[in-house]
């Protein structure tokens, strides 16, 4: 070492405590799989997972309350772990949202009553569909409790993703959240071939998108000479004219991030994966992954590439318009409820991108006007609860083959179970943006901030696509209440209290945020701006 002194890295453990709790629980969960008796794993893993999310949520609130002590203008927070993680208002807000959504998703993972005393996950994932090994696993009632550590690792990556303050940390977070999801998608107990196909498609396309992301990192590093967002921002702000390395890097990194949010033209995986994955995983992935990916997208473009806004805004306009059109129009032709909700998710990604081009900084806003960050954060809250609640309803509408996902099997659901059909109708109306639902306030927020930034052509297109989307949502409602059932009609299984809680929380949030959105809007506003 030639007498050189070693300087220990500085790690602010108190600031990243929520991350440490979830990651630590994931490691403990792996040990439970290795050493706990099989008959005890389900209850131990369920309690451990729920306790970890609850403890991390409490730690997140504690960290958030302490941010006021580190106020720097409008940005609250601090840069931690040698500049790798930004713990600021938006990070803490997204951590809390991800943990709440993960907590209720874990209840869907733990549901047993719908599959006659076992979870919806394959008893033996390595067994080929239709083989004796699979039949034996089914007859013995085996459960695949490895889903809990996979979920915990995915959530730890989701929390790190929007808080990453350099490109290398962001890539690590991307892989940590993605790899467990690839596995979870292939673990359905029923329709095993469809589930495995979904996992393979997600893995292959995800690997390609990660390759684009890494190539983009290399180009940006070649341009700025650093992977830190602050140094990249300084290089971008001080440039003269366009630079091919920078623009190429922005474009390639955007491919990786837009793939994760399900934006067109990188959306092709979404319908197949949402349909084939276990519905509990679909709900978890649809809500939590989109929250984490949009948080990372916002931080990267607002902090690192904020000085190149003129260059990347046209790209976002094109992607937002294309995503809204593809999601809304192709949903009209769907005959499977999970695929319909998948295209709905694509359309919502487009609406979120409309808010993305709005006014960024609080100082540039008129009194009472929302910034694009506040609008997108609120929309993510409304979208997350509506989506998980809707997929929870899908799990209880069943036929002899399991979940009845074919749309024609939902005909007459309003007569079979008026309450369940009414709850699902509220979720659909919320997604359509009907007044007195959270979806209406969310769309108003993102459309108004885009309009204030002069993106009126994009807002007009968004309003038109919202009208198109309303048609296929209302079509499902008409099918449930006014169509004659096919055969004996749909069967509504009686779930345990776990799924009932998920549906109830989703319904309550959809209604409450449509009537009284103020507290959550204020919370989003109090998050301030990204620290730089």
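The values are calculated or read from the model by the stated rules, or taken from the named source; none is laboratory data. Predicted model only: the values in this text are computed from it and were never measured. Reconstructed Cβ throughout: ideal geometry from the backbone, glycine too, with neighbour counts over all protein chains shown.
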Residue among 289, 279 that alone is in contact with a strand residue (DSSP E or B) (Cβ under 8 Å, 6 or more places away or on another chain) and over 23 Å from residue 460 (Cβ atoms): 279
Scanning the stretch 427-440 residue by residue, those part of a helix (DSSP H, G or I) and surrounded by fewer than 24 Cβ atoms within 10 Å (Cβ to Cβ) turn out to be 429, 432, 440
Among the residues of the stretch 249-272, are any in a helix (DSSP H, G or I) and in contact with a strand residue (DSSP E or B) (Cβ under 8 Å, 6 or more places away or on another chain)? no
Looking for something at pLDDT 95 or above and more than 18 Å from residue 259 (Cβ to Cβ) - is there at least one such residue anywhere in the stretch 197-209? no
Over the stretch 419-443, the set of residues touching a helix residue (DSSP H, G or I) at 6+ places or on another chain (Cβ under 9 Å) and free of Cβ contacts under 8 Å to residues at least 40 places away in the same chain is 422, 433, 434
Being part of a helix (DSSP H, G or I) and either on the phi < 0 side of the Ramachandran plot or surrounded by 15 or more Cβ atoms within 10 Å (Cβ to Cβ) (or both): is that true of residue 15 here? no
Number of positions in the stretch 490-529 that are buried (at least 17 other Cβ atoms within 10 Å of the Cβ) and more than 22 Å from residue 108 (Cα to Cα): 10
Within the stretch 253-271, is there a residue that is closer than 13 Å to residue 213 by Cα, surrounded by fewer than 24 Cβ atoms within 10 Å (Cβ to Cβ) and free of Cβ contacts under 8 Å to residues at least 40 places away in the same chain? no
The conditions are (1) over 21 Å from residue 498 (Cα atoms); (2) surrounded by 21 or more Cβ atoms within 10 Å (Cβ to Cβ), and residue 456 fails exactly one of them. Which is it? (2)
Condition check: at pLDDT 90 or above, over 19 Å from residue 153 (Cα atoms) and surrounded by fewer than 21 Cβ atoms within 10 Å (Cβ to Cβ). Does residue 50 satisfy that? no
Where a residue in the stretch 204-232 is on the phi > 0 side of the Ramachandran plot and its partner, wherever it lies, is surrounded by fewer than 20 Cβ atoms within 10 Å (Cβ to Cβ), with Cβ under 9 Å and at least six apart: 225/231; 225/235
For residue 223, work out the one condition from (1) buried (at least 19 other Cβ atoms within 10 Å of the Cβ); (2) under 25 Å from the mean Cα position of the chain (by Cα); (3) farther than 23 Å from residue 18 by Cβ it doesn't fulfil. (2)
The correct count of residues that are more than 18 Å from residue 477 (Cβ to Cβ) and buried (at least 21 other Cβ atoms within 10 Å of the Cβ) in the stretch 391-415 is 2
Quick one: in the stretch 143-198, of everything that is in a helix (DSSP H, G or I) and touching a strand residue (DSSP E or B) at 6+ places or on another chain (Cβ under 6 Å), which residue is surrounded by the most Cβ atoms within 10 Å (Cβ to Cβ)? 163
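Name the residues in the stretch 108-119 that are under 18 Å from residue 50 (Cα atoms) and modelled with pLDDT under 85, would you? So that I can check it myself, show each step before the final result.
As a first pass, look at the stretch 108-119 and keep what is under 18 Å from residue 50 (Cα atoms): 108-112, 119.
Listed by number, the list holds a single entry, 119.
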Can you find even one residue in the stretch 276-285 that is buried (at least 24 other Cβ atoms within 10 Å of the Cβ), touching a residue at least 60 places away in the same chain (Cβ under 8 Å), within 20 Å of the chain's Cα centre (by Cα) and not in a helix (DSSP H, G or I)? yes
If I ask for residues that are under 20 Å from the mean Cα position of the chain (by Cα) and under 15 Å from residue 344 (Cα atoms), which ones from the stretch 443-474 would you list? 443
